[in-house]
Every structure is written in structure tokens, then in C-alpha cells.
Amino acid sequence: MAVYQPVVGVVQCQMFGRVDGQVTINDVYFQAAGAITVAGVQALVNAVAGWFGAVLAPLLSDDWATERVIGTDLTTVTGYRVEAAAVSIGGVSGEANPNNVAAVVSFRTDQRGRSGRGRNFVPAIPGAAVTLNTLDPAFISDIVDAYLLLMGPGTFLAGWEMVVVSRFTGGAARVSGLAIPVTNILMVGNSVRSMRSREIGHGA
């Protein structure tokens, strides 16, 4: 039986959407400034759901829709789990790029190496935002600006800070996951990437 790996004081927020029948999921993590409470997790999940539907969704194709956000306290195996609906459709009319085509947003920290980085594969890129596998500069800027709203201690929501979670070091699992504050958000290059699990017949 696998041993549970805690990440003390951290909540994982899973953002669920759907495009052409396929589920899309992106995770963001936040560390609490103090003790985690169910009310605090609910406030965080509500805030992420609001951002998901009101800030990110308008930049994406109307072929895609947000569904919900699930927040899980990773401190213990029995930590709080809270869900909030996020019912919006993408704000850009016109066909999206294929399901597997994604814009990769990179989360950077002050720690070097892979342990100090995270990312999201943004789905449902509007067709007009890509030319020969190259993302439109304005689209890149808008997506990065949207994610930057999540960064900083207490910036997105008082009492919370966006972090990257490192679960491994030197190829071995850590006893406890390490939370590292996010200090920059960017896209590396202007090319689209592929997330094959989102192809028809797969999943997230």
C-alpha cells in the first residue's frame, strides 16, 4: 500500500473544464499563512472558481466550458475537500484548436531545477490565436497576465500564497511534499504544445 505524502498547509485546487466531450484539468496550489480551516478552503475554492470563469474563460474558445473547482487540503490524508461550481463558456467565438493543443504556462520560483517549477496546459486555444503552431503575442500576454493575478502572498486572496509543490528530490519521493512560493509566471517560447491525454477517447 502506498504511503500518503502530506504537503503541510497546502491546498490543491483542481480546475475542471470540458471541450468536445473531453475533460480538461489544471492544478494550482496555495499555501495558507496560518491554520487551514474548512471555511478558509471554501473561500479559496470560491475565489479560484471565480477567476476560472471570469478571467481565464473569456480568453478561450466557446467550444470549451468550465465545470467546477475542487480544493483539497493536502496536510493529511483526511484533510478537507471542498467543491464549487464554475459554470462559464469560453469567451471567444469560433472553433478551438484540437483538444490536445495547449498553451503551456510556466510557474517559476527562486529555487533552481525541476523541483522549483510548475505548469498549466491551457486548453481550448481559439483557432485565430494560432498560426502555423505559433501563438499570437497578444494571446500569450493575456494568458500570462491572467495567471499573474494568482501570484504573491495575499495578492489573490488574503491568507494564501500560490506555490509549486515538489514531491521528489534526486528521483526519490520526499517524506513530505515541499511548497515553494511562485515568484514569476511566463510562457517559454511562443509555440503550442501537445497534451495527448486530452485527445478524443482519453481524458484530462
**Report entry** Phe52, Phe156 arranged by Cβ crowding within 10 Å, fewest neighbours leading
**Finding:** Phe156, Phe52
Requested in this report: Could you line up Met162, Met151 from fewest to most neighbouring Cβ atoms inside 10 Å?
Outcome: Met151, Met162
Query raised in the report: Where does helix 137-148 land angle-wise versus the long Cα axis of the chain, in degrees 0 to 90, nearest 10?
Result: 20 degrees
Query raised in the report: Ranked highest first by the average count of other Cβ atoms within 10 Å around their residues, in what order do 164-173, 181-190 fall?
Result: 181-190, 164-173
Query raised in the report: List the GluC sites (Glu not before Pro) in segment 62-147 that DSSP assigns to loop (not H, G, I, E or B) and whose Cβ has at most 10 other Cβ atoms within 10 Å. Which are they?
Result: none
Query raised in the report: For the chain, what log10 I(q)/I(0) values come out of the Debye formula at q = 0.16 1/Å, with one point per alpha carbon and no solvent?
Result: -1.08
Query raised in the report: Rounded to the nearest 500 deg cm²/dmol, what is the calculated helix-only ellipticity per residue at 222 nm for the chain, with -39500 (n - 2.57) per DSSP H run of length n ≥ 4?
Result: -4000 deg cm²/dmol
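Since every read-out is calculated from the coordinates, none of them should be taken as a lab result. Everything numeric here is computed off the predicted structure, so don't read it as measured data. Neighbour counts run over all protein chains shown; Cβ positions are idealised from the backbone, glycine included.
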